[in-house]
1. Report yes if residue 142 is closer than 14 Å to residue 39 by Cα and either without any contact (Cβ under 8 Å) to a residue 60 or more places away in the chain or over 18 Å from the mean Cα position of the chain (by Cα) (or both), otherwise no.
2. Test each condition in (1) touching a residue at least 24 places away in the same chain (Cβ under 8 Å); (2) of a type outside the set (A, V, I, L, M, F, W, C); (3) surrounded by 18 or more Cβ atoms within 10 Å (Cβ to Cβ) for residue 58 and report the one that comes out false.
3. Can you give me the number of residues within the range 196-211 that are of a type in the set (Val, Ile, Thr) and either out of contact with any Leu (no Cβ under 8 Å at 6 or more places or on another chain) or surrounded by fewer than 21 Cβ atoms within 10 Å (Cβ to Cβ) (or both)?
4. Are any residues in the range 149-195 open to solvent by less than 30 Å² (accessible area, probe 1.4 Å), in a loop (DSSP other than H, G, I, E, B) and at pLDDT 90 or above, and if so, which ones?
5. Out of the residues in the range 98-109 meeting the condition of being in contact (Cβ under 8 Å) with a residue 24 or more places away in the chain and crowded, with 17+ Cβ neighbours inside 10 Å, tell me which one is nearest to residue 70 (Cα to Cα).
Amino acid sequence: GGNDDPLPAPTAKPFEVLGPHHIDHVFATWYAGDRQTNLLVVVDISGSMAAKAAGSKSSRIDLVRQGCRSVAGLLPDASRMGLWEFGSELDGSKDYRQLLAMTELNKAHRTALTGAVAKLESRETGTGLYDTILAAYTSARDAYQSGVPNQVLVLTDGRNESDKNSISAAQLSAALKKVADQERPVQLSVVTFGKPSDAEVIGKAVEPVQGYVDNLTTANEVAAVFIHVAAGGLHH
C-alpha cells in the first residue's frame, strides 16, 4: 500500500496501450463462452468516413472494417452478429440497410460477414443518424436473448445531417424512452469521429436508455472499442 505501490492506476481504456499481439494473449486466457454476445454493428458510410484517422494512414471506414473483422474473430461461434450500413435514403426512404441479419457466427455466417465487411465503402450520402439509432435499438430489443449481453455499436462521423425526413434529437430521446424494455435491456454504444460538441448532442439524446457515447480520434482508440465490445460491452 501507500505511495510505494507498484501498480499503475487503472485507466478507462486499458486496451488502448496494448498492441494486437498482447490483445490476443489477453483473450487466449479467457474462456470463449464468457465472450458470447449478441452484437449489431451499425456503420456510417457517409463521405466524411473516408477521412484519415488521426496519426494513421487508414481512413475511418478502414478502421471500422478492421474492427469488424477483429471482433468477429474474437467471438465464439454461439455469439450472434449482425451488420448494417447507413447514410440517407439507402433503402427506399430508409436511411439504413441490413447487410447481414443477426445470426450465429457459424462458418457460413462468418464467410458472409467477411464479404459484407469488405463492401463497406464511404460514399456521398447524408447521415440519417437519429432514425438509424432508433431502428437499430428496436431491432436489437426484438432479437434479445437473455443471459448474454445484447449490444448495438454505432460508428458515425458524429452528426445527423442532409437527411430531409429525419427525426430530431429530442424526438429520438422520446422514442427511445418508449421502445426501451427493462425485460430486454440493450447496451447502446455510439462511437463518433466528429466534433466533441456533436457527441454531446447524441449523448443527451440516448440518455433514456443509458446509451454510451465516445468521441474517438486515433486508430488505437477505435481498435480498443471493438475489444471492449468483444469483452461484453463498453460499459456494464
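1. Considered against the rule, which asks whether it is closer than 14 Å to residue 39 by Cα and either without any contact (Cβ under 8 Å) to a residue 60 or more places away in the chain or over 18 Å from the mean Cα position of the chain (by Cα) (or both), residue 142 comes out as yes.
2. (3)
3. Let us first name the residues in the range 196-211 that are of a type in the set (Val, Ile, Thr), namely 201-202, 206, 209.
Subset that is either out of contact with any Leu (no Cβ under 8 Å at 6 or more places or on another chain) or surrounded by fewer than 21 Cβ atoms within 10 Å (Cβ to Cβ) (or both): 201.
The number of residues fulfilling the criteria is 1.
4. 157, 186, 193
5. Applying the filter and picking the extreme gives 105.
The values are calculated or read from the model by the stated rules, or taken from the named source; none is laboratory data. Here the structure is a predicted model, which is why all the values come from computation and not from measurement. In this analysis, Cβ positions are derived from the backbone assuming ideal geometry, glycine residues included, and neighbour counts consider all displayed protein chains. Each accessible area value is taken on the protein alone, full model and side chains, heavy atoms only, with ligands, DNA and RNA left out. Shrake-Rupley method; radii C 1.70, N 1.55, O 1.52, S 1.80 Å.
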